[in-house]
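For reference, the structure discussed in these notes is given below.
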Amino acid sequence: MDSKTAIKVENLYKSFGKGDAYISVIEGASFSVNKGELVALVAPSGAGKTTLLMMIGCVEDPDKGTIWLGDDKVYENRWLTKETRRIRREKIGFIFQAHYLIPFLNIIENVTLIPQTNGISKEQSEKEALELLEYFDIKEKAYAMPSELSGGQNQRAAIARALANHPQIILADEPTAALDSKRSVDVVKMLKKIATEQNVAVIMVTHDEAMLPLCDRVLTIEDKKVVSKKSEEATVL
Ligand SMILES: Nc1ncnc2c1ncn2[C@@H]1O[C@H](COP(=O)(O)OP(=O)(O)O)[C@@H](O)[C@H]1O
Ligand SMILES: [Mg+2]
């Protein structure tokens, strides 16, 4: 795969259920996202945005198709490695609508959890976590509990956590849904900065039209396929 490409999906299919409960969600989706790109994923509720992110994130099994992450073909009609959990931990940072920080761990413990699971020492992971928290302007909250932070601060801590394993790919599912418009703009600008400065590919699901001009490109799901549009041509349904 060419060295600019972070994510490449070819002819991907996904359905759920059997018999009367059968639903086909994605039918032959093909698209790619480059390193350094912040791409919005916009489509009506139920169109399959979360399902698509979860397949790229090696969480949800596709029915068939091909997925490359960086140079690695990870899926071709089946997972090509038994170590999908390791791929997920090492290559991908997830950010969700709710921050999902672990409530009984303080902020720095939340941020260092995955790096330490990946074998990074306590000292090294804490040093890097403090740098990230400084970057996100919440270093003074490092030893506070999530319940002591505002919504925006918790979401920034969640982004710091997503970055702590130096992911090549960030998958963000409505990361600004719980934030006011100023905080939303801050978070998306931050994601853009990370994409540009660290050459990370970011896919961000959003329902907020105001975020689209901050993104490089917009992906939509139409007729169960993924379509790429310029930011100025896209609308939120
Ligand atoms: N685990 C599941 N079992 C059955 N149906 C599911 C499951 N997950 C998602 N779906 C269905 O797949 C479709 C796409 O869901 P989802 O990806 O969550 O959409 P979006 O994130 O765009 O709102 C919906 O019709 C949803 O009900
Ligand atoms: Mg969703």
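The values are calculated or read from the model by the stated rules, or taken from the named source; none is laboratory data. Quick caveat, the model's predicted, so the values are computed rather than measured. A quick note on method: Cβ atoms are made from the backbone with ideal geometry, for glycine too, and the neighbour counts reach across all protein chains shown.
Of everything listed in (1) at pLDDT 95 or above; (2) away from ligand 1 (no atom under 16 Å from the Cβ); (3) out of contact with any helix residue (DSSP H, G or I) (no Cβ under 9 Å at 6 or more places or on another chain), the single unmet condition for residue 71 is (1). Number of residues in segment 202-217 that are closer than 17 Å to residue 50 by Cβ and away from ligand 2 (no atom under 16 Å from the Cβ): the value is 1.
Quick one: in segment 22-52, which of the residues that are of a type in the set (Val, Ile, Thr) and part of a strand (DSSP E or B) is nearest to residue 236 (Cα to Cα)? Ranking the qualifying residues of segment 22-52, first place goes to 42. Here the condition is being away from ligand 1 (no atom under 15 Å from the Cβ), among the basic types (Lys, Arg) and in contact (Cβ under 8 Å) with a residue 12 or more places away in the chain; of 49, 82, 91, it holds for 91 alone.
Checking each residue in segment 106-117 for being in contact (Cβ under 8 Å) with a residue 12 or more places away in the chain and of a type outside the set (Val, Ile, Thr) picks out 106, 110, 113, 115. Total residues in segment 53-68 satisfying the condition of being closer than 16 Å to residue 16 by Cβ and either part of a strand (DSSP E or B) or within 12 Å of ligand 1 (Cβ to nearest atom) (or both): the figure is 8. Annotation note: Cβ proximity below 8 Å between a residue of segment 150-166 that is under 14 Å from residue 102 (Cα atoms) and a residue that is assigned to a helix (DSSP H, G or I) and of a type in the set (S, T, N, Q) (sequence gap 6+ or interchain) occurs for 157/110; 161/110. Inside segment 73-96, residues that are under 22 Å from residue 194 (Cα atoms) and out of contact with any Leu (no Cβ under 8 Å at 6 or more places or on another chain) make up a count of 4. For segment 4-49, filtered to residues that are within 24 Å of residue 78 (Cβ to Cβ) and among the β-branched types (Val, Ile, Thr), the residue that is nearest to ligand 2 (Cβ to nearest atom) is 25.
Identify all residues within segment 18-46 that are within 15 Å of ligand 1 (Cβ to nearest atom) and among the basic types (Lys, Arg); write none if there are none. Correct list: 18 only.
Only one of the numbered conditions (1) of a type outside the set (Gly, Ala, Ser); (2) in contact with a strand residue (DSSP E or B) (Cβ under 7 Å, 6 or more places away or on another chain); (3) in a loop (DSSP other than H, G, I, E, B); (4) modelled with pLDDT of 95 or more is violated by residue 97, and that is (4).
Of all the criteria given as (1) away from ligand 1 (no atom under 16 Å from the Cβ); (2) touching a Cys at 6+ places or on another chain (Cβ under 9 Å); (3) not aliphatic (A, V, I, L, M), the one not satisfied by residue 206 is (1).
Does residue 63 satisfy the condition of being over 18 Å from residue 164 (Cα atoms) and surrounded by 15 or more Cβ atoms within 10 Å (Cβ to Cβ)? The answer is yes for residue 63.
When segment 125-159 is filtered for residues that are surrounded by fewer than 20 Cβ atoms within 10 Å (Cβ to Cβ), in contact with a Pro (Cβ under 8 Å, 6 or more places away or on another chain) and not aliphatic (A, V, I, L, M), the ones remaining, listed by number, are 128, 147. Of all residues in segment 174-195, those that are closer than 22 Å to residue 92 by Cβ and within 16 Å of ligand 2 (Cβ to nearest atom) have Cβ atoms under 9 Å from Cβ atoms of residues that are outside any helix (DSSP H, G or I) and among the hydroxyl-bearing types (Ser, Thr, Tyr), 6 or more apart or on another chain, in 174/206; 175/206; 176/206; 177/206.
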